[in-house]
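Student: Before I ask anything, let me first share the structure, which is written out below as C-alpha cells.
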Amino acid sequence: DARHPKLSGAAVFVKKLHDLAGKFDVFQKRGYVDLHEMAKEDTSSCHYGSTLPKDSTCSLPCSWTETDPSTFLIRGLTYLDDRKKIKAKGTLMQMVGADWLKSDKREDDLGGRPGGIVQKYAAKGGPEFFFIVHIQVPGTTTYSLALYYMMDTPLEDSPLLESFVKGDDAYRNSRFKLIPYISKGPWIVKQSVGKKACLIGQALEINYFRGKNYIELGIDIGSSTVARGVVSLVVGYLSNLVIEMAFLVQANTPEELPEYLLGTCRLNHLDVTKAVQVKP
C-alpha cells in the first residue's frame, strides 16, 4: 500500500494471513469451504446488539463472553523509558452485546438502526456511551461481526477515548489497536495470528460512524487484497476456533500512559450457518 511504505505491525499481521493462506491453499482448491453453500436463508428478525448469544461458561457453540483482561499486555506507566508492558487489570467498558449477521451487501452503521440496543439507550437520554467494533467480511454473502461495548459514565471522563471519538479519521487510524489471541484451534493458526497488538487502521480501511451516544468502527476486510483473498478460508475455520480479542486506544505520551483496555471478547466456535439474515 503506497500510503504505508513502512511495514507496520498491522501489515505484518495481514502478511501472516497471506502466509497462512498459502499453507492451506490445497484445501481451498479442493473446495474446503464454500461460503455460498453455507449461507442458508434465515428468517429470524434482527434485534441489533443481541443476535449472538452470551455464554459465560463458553460451552455453547457460536456465543460470546468477555475475556480476562490480564490475558493481554499493554503499555505501562514507564513504557516510553523502559518499553515494558504490563498485564491489563480491567476494562473501561463492559461488553453488552454482539451481532453475527449475513446479508447480500455490506451493512454499515448498525448502531444507528432503530430497535437496537444503542438506540434504545439513546431514547432514554442517559450518559451511556457505546463503542462498536464491526468487522465486515466481504463476498456474495457478506458477514458482519459486531461487538458492543458500553460505559455508563460521560465520555468527558475518559480524555483519551474522548480525543479518539472527536478526532479525525487519520488520528483514529493511528491510535485504534487490536490484540488478537487464538486460545483454541490448530497450532498453525495460533502461530500465524500470534498475540501482537496491531494498529488495524494502518492495514485495513475503517469507516467511522458517529452518533449521539456511540461511535462505530466498520473494519472492511475487503479493503485489503490479501485479506480478501484468504477470508473464505478463515471463516471456514471459525467453527474450530476460540478467538479472543482486546481493543484499546494506543497511548503515545506520558500523560496518556498507562494504557487501558476499552474491552475484551471471547468468541466461541462461530458458525456461519448460524449468522442471522439482515432483512432488506
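The values are calculated or read from the model by the stated rules, or taken from the named source; none is laboratory data. All values reported here derive from a predicted model rather than from experimental measurement. Here Cβ is always computed from backbone atoms with ideal geometry, including for glycine, and neighbour counts include all displayed protein chains.
Student: Output the qualifying pairs, or none if there are none: Cβ atoms under 7 angstrom, residues six or more apart or on different chains, first residue in region 147-167 and part of a helix (DSSP H, G or I), second residue of a type in the set (Phe, Trp, Tyr).
Tutor: LEU155/PHE129
Student: Another question about this same structure. Which one is farthest from VAL272 (Cα to Cα) among residues in region 55-76 that are more than 16 Å from the chain's Cα centre (by Cα) and charged (D, E, K, R)?
Tutor: ARG75
Student: Okay, moving on. Just the residues that are of a type outside the set (Gly, Ala, Ser) and either in a loop (DSSP other than H, G, I, E, B) or surrounded by 23 or more Cβ atoms within 10 Å (Cβ to Cβ) (or both), please, taken from region 120-129.
Tutor: Applying the first criterion (of a type outside the set (Gly, Ala, Ser)) to region 120-129 yields 120-121, 124, 127-129.
Result: PRO127, GLU128, PHE129.
Student: Return the total of residues in region 77-111 being of a type outside the set (Lys, Arg) and over 20 Å from ALA275 (Cα atoms).
Tutor: Residues meeting the conditions: 13.
Student: Okay, moving on. Given the criterion among the aromatic types (Phe, Trp, Tyr), surrounded by fewer than 21 Cβ atoms within 10 Å (Cβ to Cβ) and at pLDDT 95 or above, identify the matching residue among TYR208, TYR214, TYR237.
Tutor: TYR208
Student: Would you be able to tell me the number of residues in region 108-146 that are farther than 15 Å from GLY97 by Cβ and without any contact (Cβ under 8 Å) to a residue 24 or more places away in the chain?
Tutor: Residues flagged as farther than 15 Å from GLY97 by Cβ and without any contact (Cβ under 8 Å) to a residue 24 or more places away in the chain within region 108-146 amount to 4.
Student: In region 177-215, which residue that is free of Cβ contacts under 8 Å to residues at least 40 places away in the same chain and among the aromatic types (Phe, Trp, Tyr) is farthest from SER239 (Cα to Cα)?
Tutor: TYR208
Student: If a residue must be under 18 Å from ILE221 (Cα atoms), surrounded by fewer than 19 Cβ atoms within 10 Å (Cβ to Cβ) and charged (D, E, K, R), how many such residues does region 172-205 contain?
Tutor: Qualifying residue count for the region: 1.
Student: Could you name every one of the strands (runs of 3 or more DSSP E) located completely within region 46-113 that has at least 2 residues being crowded, with 18+ Cβ neighbours inside 10 Å? Break it down into steps so the answer makes sense when it comes.
Tutor: Numbers: elements: 63-65, 73-75, 85-87, 94-103.
It comes to 63-65, 73-75, 94-103.
Student: Right, something else. Any residue in region 246-272 that is surrounded by 22 or more Cβ atoms within 10 Å (Cβ to Cβ) sitting within a Cβ distance under 6 Å of a residue that is outside any strand (DSSP E or B) and aromatic (Phe, Trp, Tyr)? List the pairs, counting only those 6 or more apart or interchain.
Tutor: Pairs found: ALA246/PHE72; VAL249/PHE164.
Student: I need a count of the residues in region 135-146 that are surrounded by fewer than 21 Cβ atoms within 10 Å (Cβ to Cβ) and either at pLDDT 95 or above or assigned to a strand (DSSP E or B) (or both). Walk me through it before giving the result.
Tutor: The first filter runs over region 135-146 and keeps only residues surrounded by fewer than 21 Cβ atoms within 10 Å (Cβ to Cβ), leaving 135, 138-141.
Among the residues that remain, those that are also either at pLDDT 95 or above or assigned to a strand (DSSP E or B) (or both) are: 135.
Total meeting the criteria: 1.
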